[in-house]
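Since the structure comes first, as structure tokens, the remarks are kept for the end.
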Amino acid sequence: MEEFSARQLREKIAAGEVSSVEATKLVFERISKYEPVVGAYISVFEEQALAKAAEVDKRIAAGEQVGELAGVPVAVKDNMCTMFGATTCGSKILEDFRAPYNATAVEKLLAADAVIVGKTNLDEFAMGSSTENSALKRTVNPWDTSRVPGGSSGGSTASVAAGMCFAALGSDTGGSIRQPASFCGVVGLKPTYGRVSRYGLVAYGSSLDQIGPVTRTVEDAALLMNVIAGHDPADSTSVDEKTAPVCDYLDKLDEPVGGLKIGIVPELNSGADEQVQKALNDALDVYKGLGAELVEIEMPHFDYAIAAYYMIATAEASSNLARYDGVHYGHRTKRAKDYVEVYTKSRAEGFGKEVKRRIMLGTYALSSGYYDAYYLKALKVRNLIRGDFTKAFEKCGCVMMPVSPTTAFKIGEKVDDPLTMYLSDVYTIAANLAGVPAVSIPCGFDSDNLPIGLQILSSVFEEEKLLRIAYMYEKETNWNKREPRIDTN
Ligand code: GLN
């Protein structure tokens with residue numbers, strides 16, 4: 001059963017061929033075997049999951065209608081609010097925080113009858129590229145336990161890769177779904193900004209954050225999008241159905257995109273490691289074999305994406321994180337002598353190093369003397385990058401590039417060097433700045449047997465086409481069929 005995709009499992013459960021209780025038990029067996037090594041979960045809910053699974057099985061046996069994810073064990077990144085368990089964001093400041101409501105995406109999973117098995121580890125407040133910034137736990141890469149799973153959704157991607165759930169949700173502000181998906185050899189989709197409700201997603205960079213699926217197959221990504229996409233009155237930045245109708249992402253998945261023109265930016269791609277470049281070129285050859293045409297495009301402002309992102313994201317974060325003050329939420333210091341110290345000491349004790357670095361950077365960028373020079377300039381660059389994409393999509397139906405310049409790096413290799421860590425986002429950040437959707441799909445392995453991802457980007461609200469393009473490749477290849485051999489010793 002562990003080899004099933006979420007969709008296959010859903011069909012077999014709905015047909016009564018396997019039970020959700022069996023699937024859920026299998027997942028918890030795997031969790032007890034692999035979790036001590038992999039460390040993907042901050043919390044698991046075995047009892048609650050088995051109860052939900054039994055309820056779904058009972059309803060199926062009674063011939064009742066069940067949801068699109070009926071009985072499928074899924075995981076949720078621990079920066080999405082749930083009324084069950086804690087919502088920690090991988091931070092000490094929220095270690096015991098109990099949310100009074102469910103995030104809309106979580107509500108939708110539950111309404112689709114998914115079985116939520118646990119909440120996954122992440123870089124504190126989703127700030128990072130390796131999950132090493134979690135204050136609560138260390139997650140390793142199932143393909144090589146001496147390496148990072150990527151980040152910040154490293155818990156979600158490691159959990160899917162290790163078969164400790166059948167699908168998961170992640171969040172992506174600058175690459176946090178796609179980069180760990182590529183490091184762990186799974187599929188990760190960042191939808192168009194506004195496609196999925198952010199209500200109940202703990203805000204990092206509000207104008208960049210998006211929730212998206214982490215799955216084993218492109219088909220499962222489409223299935224999850226069917227469940228989570230759509231307008232939400234509780235999130236004013238979610239897009240209404242009139243502006244951009246949600247489609248059935250599974251419906252035409254099998255129809256290849258005819259006359260596909262793939263945009264490539266040769267000088268960008270040459271910045272990646274040789275083996276990553278080779279995997280990309282091989283993937284492009286597969287597409288050419290399927291009738292696609294390559295067109296060279298220009299992204300003249302791409303080089304400034306990282307600088308602009310680290311201004312905008314940190315500025316927004318500094319404002320978003322102001323609410324953790326020892327009064328409204330979370331950790332409160334026991335060492336305060338007066339009320340000012342309640343604020344300062346609670347924050348000093350509760351936040352980790354990277355979060356503090358970003359709050360300082362963001363506050364600086366927003367301060368009156370520097371606002372124009374840094375923040376405003378970054379917003380202008382953001383507009384130029386958006387323009388690059390608009391121009392590009394006049395010439396091509398999608399753009400392909402690496403997800404990350406390297407495969408998974410060693411634990412500890414970059415923690416003391418934030419700038420090098422930030423550079424691992426070069427290929428992913430532009431999509432968030434422009435708001436366009438982008439997916440990472442497995443496209444090979446390097447000589448150390450570490451997964452490599454292919455990134456495909458398309459124009460806003462074109463997830464349906466994007467998934468069809470990804471599916472064309474997945475059907476021709478079988479990279480996603482390989483499984484990591486996890487060393488439990
Ligand atoms: N690695 C990037 C950062 O550290 C992106 C994180 C994310 O997408 N949440 O900000």
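Each reported figure results from applying straightforward, stated rules to the coordinates on display, with no laboratory input. For clarity, every value in this text was computed on a predicted model and none was experimentally measured. A quick note on method: Cβ atoms are made from the backbone with ideal geometry, for glycine too, and the neighbour counts reach across all protein chains shown.
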- Under the Karplus relation 6.51 cos²θ - 1.76 cosθ + 1.60, θ = phi - 60°, what is the ordered set of whole-Hz ³J(HN,Hα) values for the stretch 447-461, x standing for Gly and Pro? 5, 8, 6, 9, x, 10, x, 9, 9, 10, 10, 9, 6, 3, 6
- Message: At 0.36 nm per residue, and after removing the present C-alpha to C-alpha distance, how many nm does the segment from Asp372 to Glu29 gain when stretched out fully?
- Response: 118.0 nm
- Note on the structure: Taking placed amide H atoms and a strict 5 Å upper bound, the residues 5 or more places from Ala438 or on another chain that come that close are Lys190
- Task: Apply 1/(1 + (r/R0)^6) to the Cβ-Cβ distance of Val340 and Ser236, taking R0 = 41 Å, and write down the FRET efficiency to the nearest 0.05.
- Result: 0.75
- Task: With runs of 4+ DSSP H residues as the only contributors, calculate the mean residue ellipticity of the chain at 222 nm using -39,500 (n - 2.57) per run, divided by the residue total and rounded to the nearest 500.
- Result: -11500 deg cm²/dmol
- Item | Ser270 versus Phe84: modelled label distance in nm, points set 7 Å from Cα along the beta carbon direction | 5.4 nm
- Which distance in nm do the two modelled labels at Arg138 and Lys410 give, with both placed 7 Å along the Cα-to-Cβ direction? 1.4 nm
- Rounded to the nearest whole number, the Stokes-Einstein translational diffusion coefficient of the stretch 347-489 at 20 °C and 1.002 mPa s (Kirkwood radius, C-alpha pairs) in µm²/s is 117 µm²/s
- Once Rh for the stretch 82-142 is found with the Kirkwood sum over Cα pairs, what is the Stokes-Einstein diffusion coefficient at 20 °C and 1.002 mPa s, in µm²/s? 170 µm²/s
- the stretch 214-262: Cα Rg divided by the 2.2 N^0.38 Å rule of thumb: 1.39
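Only counting other Cβ atoms within 10 Å, I'd like Ser197, Ser447 sorted with the fewest neighbours first.
Ser447, Ser197
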- Task: Consider a paramagnetic label point 7 Å from the Cα of Lys58 along Cα→Cβ; state which residues of the stretch 1-26 have an amide N under 15 Å from it.
- Result: 20-21
- Item | P(r) of the stretch 196-311 over all Cα-Cα pairs, binned every 10 Å from zero, in whole percent | 11, 25, 35, 27, 2
- Item | Dimensionless Rg over Rh [the stretch 241-282; C-alpha; Kirkwood] | 1.19
- Item | Diffusion constant of the chain at 25 °C, which comes from Stokes-Einstein with the Kirkwood Cα-pair radius and 0.890 mPa s, µm²/s | 110 µm²/s
- Where in the stretch 175-201 is the amide nitrogen less than 15 Å from a point lying 7 Å along the Cα-to-Cβ axis of Asp448? 183-185
- Residues whose built amide H sits under 5 Å from the amide H of Val295, excluding neighbours closer than 5 in sequence, are Ile262, Gly263, Ile264
- Message: On alpha carbon coordinates alone, what is the Rg over Rh value for the stretch 37-83, Rh being the Kirkwood radius?
- Response: 1.05
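Could you list Arg138, Arg468 in order of exposure, starting from the residue whose Cβ has the fewest other Cβ atoms within 10 Å?
Arg138, Arg468
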- With 10 Å bins from 0: P(r) over the stretch 195-234, alpha-carbon pairs, percent: 28, 48, 23, 1
- Give the order of Ser91, Ser236, Ser318, Ser146 when sorted by the count of other beta carbons within 10 angstrom, beginning with the fewest. Ser236, Ser146, Ser318, Ser91
- Message: Suppose we keep just the DSSP beta bridges with both residues in the chain; what percent of those would be antiparallel, to 5?
- Response: 65 percent
- Cα extents of the stretch 9-53 per principal axis, largest first, Å, are 35, 18, 12
- Once the convex hull of the C-alpha atoms of the stretch 61-184 is built, how many Å³ does it hold per residue, rounded to a whole number? 101 Å³
- Task: Send over the Kirkwood Rh of the stretch 257-379, from the inverse of the averaged 1/r over different Cα pairs, rounded to one decimal Å.
- Result: 18.4 Å
- Task: Report the extension gain between Asp303 and Lys278 in nm, rounded to one decimal, defined as 0.36 nm multiplied by the number of residues separating them, less their alpha carbon distance.
- Result: 6.8 nm
- If you plug each phi of the stretch 425-436 into the Karplus form 6.51 cos²θ - 1.76 cosθ + 1.60 with θ = phi - 60°, what whole-Hz ³J(HN,Hα) values come out, in order, with x for Gly and Pro? 9, 3, 8, 9, 5, 4, 4, 6, 5, 8, x, 7
- Item | Residues whose placed amide H lies under 5 Å from that of Arg147, excluding near-sequence neighbours | Asn141, Ile411
- Message: If you split all Cα-Cα distances of the stretch 19-111 into 10 Å bins from zero, what percentages do you get per bin, shortest first?
- Response: 15, 41, 35, 8, 1
- Item | Pair Ser206, Glu17: separation of 7 Å Cα→Cβ label points (nm) | 4.7 nm
- Give, in nm to one decimal, the length gained when the segment between Lys481 and Lys391 is fully stretched (0.36 nm per residue of separation minus the Cα-Cα distance). 28.8 nm
- From phi via Karplus (6.51, -1.76, 1.60), per-residue ³J(HN,Hα) for the stretch 290-297 in Hz, x at Gly/Pro: 8, x, 6, 10, 8, 10, 7, 10
